[in-house]
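The values are calculated or read from the model by the stated rules, or taken from the named source; none is laboratory data. Please read these numbers as outputs of a predicted model, since none were measured by experiment. Cβ atoms come from the backbone with ideal geometry, glycine included; neighbour counts cover every protein chain shown. In case anyone asks, the SASA skips ligands and DNA or RNA and just uses the protein heavy atoms, side chains included. Shrake-Rupley method; radii C 1.70, N 1.55, O 1.52, S 1.80 Å.
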Amino acid sequence: MKAFVTITGIHYHFGSKPFAVGQKVKLVKEPDNCYDKEAIRAELPGLGCVGYVANSPRTVLGDCLSGGRLYDKIGKDATAKVEYVLDGAVICKVKLTGTESLCERPHTDAEQMPQP
């Protein structure tokens, strides 16, 4: 299963210059981040941190997943591929290995009861 994420905060690091379509980006969970317990750092080889997976309704672009929605679907890290490079953000595709649906919702008791 594939999902898209927005890498934001790039202007605090190196901007969009280090990114190229097709490039691999390492996504690393930061559970000890004091600002966001579901923070996912984006890293490039030789540069280190280049931004974070967007985790706010105002920074998540289009149909991308937020960091919170992605957090439990990856291990301690994952690899993403750059799809689009924009002025203030980068859109990446993440391949999810789990079988969990991105649109799963909890079942109500009525839905779980056997039908007569």
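Quick grid of which residues meet (1) touching a Ser or Thr at 6+ places or on another chain (Cβ under 7 Å); (2) crowded, with 18+ Cβ neighbours inside 10 Å; (3) in contact (Cβ under 8 Å) with a residue 24 or more places away in the chain; (4) of a type in the set (Gly, Ala, Ser):
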site: GLY48; (1), (2), (3), (4): no, no, no, yes
site: GLY51; (1), (2), (3), (4): yes, yes, yes, yes
site: ASN55; (1), (2), (3), (4): yes, yes, no, no
site: GLU83; (1), (2), (3), (4): no, no, yes, no
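Return yes when GLU43 is at pLDDT 95 or above and acidic (Asp, Glu) and no when it is not. Against the criterion (at pLDDT 95 or above and acidic (Asp, Glu)), GLU43 qualifies. One residue stands out in the stretch 21-74 among those that are among the small types (Gly, Ala, Ser) and assigned to a loop (DSSP other than H, G, I, E, B): the one that is nearest to CYS92 (Cα to Cα), namely GLY22. If you go through the stretch 85-99 and keep only what is in a loop (DSSP other than H, G, I, E, B) and surrounded by 19 or more Cβ atoms within 10 Å (Cβ to Cβ), you end up with just ALA89. Can you confirm whether VAL90 is under 20 Å from THR8 (Cα atoms), of a type in the set (Val, Ile, Thr) and either at pLDDT below 95 or more than 13 Å from the chain's Cα centre (by Cα) (or both)? So VAL90 fails the test. Tell me which residues, restricted to the stretch 1-35, are open to solvent by less than 40 Å² (accessible area, probe 1.4 Å), over 16 Å from the mean Cα position of the chain (by Cα) and over 15 Å from GLY46 (Cβ atoms). Within the stretch 1-35, GLY15, SER16, GLY22 meet the criteria.
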